[in-house]
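The values are calculated or read from the model by the stated rules, or taken from the named source; none is laboratory data. This structure is a prediction, so every number in the text was calculated from the model and none was measured. With ideal geometry, Cβ positions are generated from the backbone for all residues, glycine too; neighbour counts draw on all protein chains shown.
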């Protein structure tokens, strides 16, 4: 168990004990320690930030261009030709 997990569980248990000690207050729905733990977990879950799943992948181009790309910049289909030249250069190892 990692130290982060231990710290989280320690804080959760501390919260549960604080909730359990307030059971004498009128209107409190806690009667047992299990109720206090349930309330502590629900409070932690409500406080957690919602998880956002990525539905799209962003392709970020580099701001630097290779010398091959710059030399082909004014030609037609420069992107494709630069890709082919870069692939050839990479496969040769130059």
Reported set for region 36-46 where residues are under 16 Å from residue 13 (Cα atoms) and without any contact (Cβ under 8 Å) to a residue 12 or more places away in the chain is 38, 42, 45
How do the pairs read when you match residues in region 1-24 that are assigned by TED's automatic domain parsing to the domain that holds residue 38 with residues anywhere that are in a loop (DSSP other than H, G, I, E, B) and surrounded by 11 or more Cβ atoms within 10 Å (Cβ to Cβ), using Cβ under 9 Å and keeping only pairs 6 or more apart or on different chains?
19/28; 19/30; 20/30; 22/28; 22/30; 23/30
Of all residues in region 26-47 being surrounded by fewer than 13 Cβ atoms within 10 Å (Cβ to Cβ) and in a loop (DSSP other than H, G, I, E, B), which is modelled with the highest pLDDT?
32
